[in-house]
1. Got a sec? Which strands (runs of 3 or more DSSP E) wholly within segment 6-125 have at least 3 residues that are in contact with a helix residue (DSSP H, G or I) (Cβ under 9 Å, 6 or more places away or on another chain)?
2. What tally of residues in segment 241-251 results from selecting those that are surrounded by fewer than 15 Cβ atoms within 10 Å (Cβ to Cβ) and part of a loop (DSSP other than H, G, I, E, B)?
3. Among the residues of segment 79-138, count how many are of a type in the set (Val, Ile, Thr) and over 17 Å from Asp18 (Cα atoms).
4. Only residues in segment 45-60 that are small (Gly, Ala, Ser) count as the first member; pair them with residues that are exposed (fewer than 15 other Cβ atoms within 10 Å of the Cβ), Cβ under 9 angstrom, at least 6 apart or cross-chain, and list the lot.
5. What are the residues in segment 45-99 that are among the hydroxyl-bearing types (Ser, Thr, Tyr) and more than 19 Å from Lys13 (Cα to Cα), if any?
Amino acid sequence: NRPPGFARVVIEKPFGHDLESARELADVVHRSFRENQIYRIDHYLGKETVQNIFAFRFANAIFEPVWNNTHVDHVQITVAESIGVEHRAAFYEETGVVRDIVQNHLLQVFALVAMEPPAAFDADPIRDEKAKLLRATKPMSLENAVRGQYGEGYVAGEEVVAYLDEPNVPPDSNTPSYIAAKLEIGNWRWAGTPFYIRAGKRLAKRVTEVAVQFKRPPHLPFPTDAVEQLEANALVLRIQPDEGISLRFGAKAPTPTLALRTVNMDFLYGSSFLAEVPEAYET
């Protein structure tokens with residue numbers, strides 16, 4: 001029951017630059033607004049393909065029963081960009097890839113993929129399940145992570161400079177532009193199933209996706225040479241570009257001798273809904 005003229009304030013990430021500054025900012029905002037008027041926004045949550053993770057998991061009975069450590073070998077979450085820091089070097093020097101991508105966009109996707117079913121499709125129950133999942137996630141360790149900066153090279157046939165040669169980047173900067181890490185979740189659903197995350201700039205191509213790789217069957221009743229090219233089942237949620245979902249499974253190839261091949265079943269937003277996927281900020 002919102003009163004007429006209900007006012008809201010929307011704050012896009014980052015919300016402060018550390019815990020202390022985030023609390024100070026919260027105090028400032030709370031002087032003028034109640035909590036239910038404050039929206040701390042990560043624009044990734046405006047992406048149709050990110051919102052669809054929730055729908056895909058909890059609207060389809062064929063997937064949720066296998067969404068656990070009994071059937072899933074590992075999960076990979078990738079946020080790769082082909083561009084460099086462009087004109088944002090000053091900003092990037094203050095954030096790096098962890099603050100820019102991992103601790104907001106990537107963890108939001110991670111939470112939607114791994115969280116337990118909420119009681120209702122409402123803000124508080126969903127937030128509660130995300131928070132529970134993040135509390136169960138073990139802190140990232142240096143032993144399970146690598147970081148780096150991009151060097152000079154070629155992208156789409158054009159020569160590009162190294163991170164340290166970008167304008168406004170100090171020559172002795174150690175700000176990472178790439179990270180790969182393993183996350184472990186200490187709960188009954190995911191114990192023993194690693195989540196591998198990677199994010200960075202100047203990578204081979206621009207792609208954001210979640211790849212859920214399932215375990216191989218415990219026994220294959222086929223000759224060894226018939227399954228040499230057979231890969232493990234995988235479900236790939238393509239967040240951007242080429243928005244859609246692919247299911248990878250094995251099928252018999254039409255050959256005189258028995259041979260199994262890996263094939264893909266694809267769902268594409270563009271062809272299925274005959275509409276362009278709106279941008280996150282538009283939503």
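The values are calculated or read from the model by the stated rules, or taken from the named source; none is laboratory data. Computed from a prediction, not measured in an experiment: that's the story for all the values here. Note that each Cβ is placed from the backbone with ideal geometry, even for glycine, and that neighbours are counted across all protein chains shown. Only protein heavy atoms, including side chains, enter the accessible area calculation; ligands, DNA and RNA are left aside. Shrake-Rupley method; radii C 1.70, N 1.55, O 1.52, S 1.80 Å.
1. Those strands (runs of 3 or more DSSP E) span 9-12, 72-80.
2. Number of matching residues: 2.
3. Here the count works out to 7.
4. Filtered contacts from segment 45-60: Gly46/Pro278; Gly46/Glu279; Gly46/Tyr281; Gly46/Glu282; Gly46/Thr283.
5. Thr49, Thr70, Thr78, Ser82
A quick yes/no check of all residues on (1) closer than 30 Å to Ile11 by Cβ; (2) modelled with pLDDT under 85; (3) of a type in the set (Gly, Ala, Ser); (4) in contact with a Leu (Cβ under 7 Å, 6 or more places away or on another chain):
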residue: Leu235; (1), (2), (3), (4): no, no, no, yes
residue: Ile245; (1), (2), (3), (4): no, no, no, yes
residue: Thr255; (1), (2), (3), (4): no, yes, no, no
residue: Asp266; (1), (2), (3), (4): no, no, no, no
residue: Val277; (1), (2), (3), (4): yes, yes, no, no
residue: Tyr281; (1), (2), (3), (4): yes, yes, no, no
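A quick yes/no check of all residues on (1) among the aliphatic types (A, V, I, L, M); (2) in contact with a Cys (Cβ under 9 Å, 6 or more places away or on another chain); (3) open to solvent by less than 80 Å² (accessible area, probe 1.4 Å); (4) farther than 28 Å from Tyr150 by Cβ:
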position: Phe195; (1), (2), (3), (4): no, no, yes, no
position: Thr208; (1), (2), (3), (4): no, no, yes, no
position: Arg216; (1), (2), (3), (4): no, no, no, yes
position: Ile239; (1), (2), (3), (4): yes, no, yes, no
position: Thr262; (1), (2), (3), (4): no, no, yes, yes
position: Met265; (1), (2), (3), (4): yes, no, no, yes
position: Glu279; (1), (2), (3), (4): no, no, no, no
